[in-house]
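The values are calculated or read from the model by the stated rules, or taken from the named source; none is laboratory data. A quick note: this is a predicted structure, and the numbers were derived from the prediction, not measured. Cβ: placed from backbone, ideal geometry, glycine included. Neighbour counts: every protein chain shown. The accessibility values were calculated without ligands, DNA or RNA, using every heavy atom of the protein model including side chains. Shrake-Rupley method; radii C 1.70, N 1.55, O 1.52, S 1.80 Å.
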Amino acid sequence: MTIEDLKNVKLSPMTAGYLAIYIKLSDLCGEAAEVTEMDYGGSAVNEVNSEFDSALGKAQDEVMKLAVMSMTENLCTLSNNTEL
């Protein structure tokens with residue numbers, strides 16, 4: 001999924017924003033791996049980036065909690081509306 005894909009989904013601006021942040025964090029993992037591959041190869045990339053990947057994973061978990069909270073709040077306040 002890309003950030004562009006979120007524009008076609010009926011989400012509240014807050015939920016879409018949280019999911020966009022999640023996607024950006026995911027993209028950062030890939031970008032860091034690409035940079036690390038300039039000097040390291042194979043499994044060494046994962047070893048070098050392990051702490052970075054772990055930190056981003058924790059950030060992604062927290063952002064997903066916020067997205068779920070946003071969706072839950074919107075579900076509780078929906079009155080014949082299809083936007084989460």
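Would you mind computing Rg(Cα) / (2.2 N^0.38 Å) for the stretch 8-61, counting N as its residues? The partial results should precede the final answer.
Working: Rg = 14.0 Å, N = 54, 2.2 N^0.38 = 10.0 Å.
Ratio of Rg to 2.2 N^0.38 Å for the stretch 8-61: 1.40.
By accessible area of protein heavy atoms, probe 1.4 Å, what ranking do 25, 75 get, highest first? Please report the intermediate quantities before stating the final value.
Numbers: 25 25, 75 105 Å².
From most accessible down to least: 75, 25.
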**Request:** Between residue 34 and residue 46, with labels modelled 7 Å along Cα→Cβ, what's the label distance in nm to one decimal, could you check?
**Result:** 2.1
**Request:** Roll a 1.4 Å probe over the protein heavy atoms and report the accessible area of residue 47 in Å², nearest 10.
**Result:** 130
